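None of the figures in this text is laboratory data; all of them are computed from the coordinates on show. Nothing here was measured: the structure is a model prediction, and the numbers come from that model. Ideal geometry is used to build each Cβ from the backbone, glycine not excepted, and the neighbour counts take in all protein chains shown.
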């Protein structure tokens, strides 16, 4: 029986990412504020396609980002604007 203790396996240094993969991962994880143009693209996409298919809704944004911005920000904002306009007696938007 060999009772000699083995040294732990040394951890390998991870090679530095290539410029392309580094910029890609930073772009995907970075939180970039939505521009008014992007919000209008999203609105137009939902108006045309409904709120089910998010693929390609806004160039440079993921389907998940579009889904979340629509459901958590834009749609509730539009709904509250419509309700508040109705309560003020001025009619539609």
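Values as computed for the structure displayed
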| item | result |
| --- | --- |
| Relative contact order of the range 33-88, defined on C-alpha pairs under 8 angstrom at six or more residues apart (%) | 25 |
| Computed Rg/Rh of the range 33-88, alpha carbon atoms with Kirkwood Rh | 1.01 |
| Cβ-Cβ FRET estimate between residue 83 and residue 63, R0 fixed at 25 Å, reported to 0.05 | 0.30 |
| Pairwise label distance in nanometres, residue 71 with residue 34, each label 7 Å out on the Cα-Cβ vector | 1.3 |
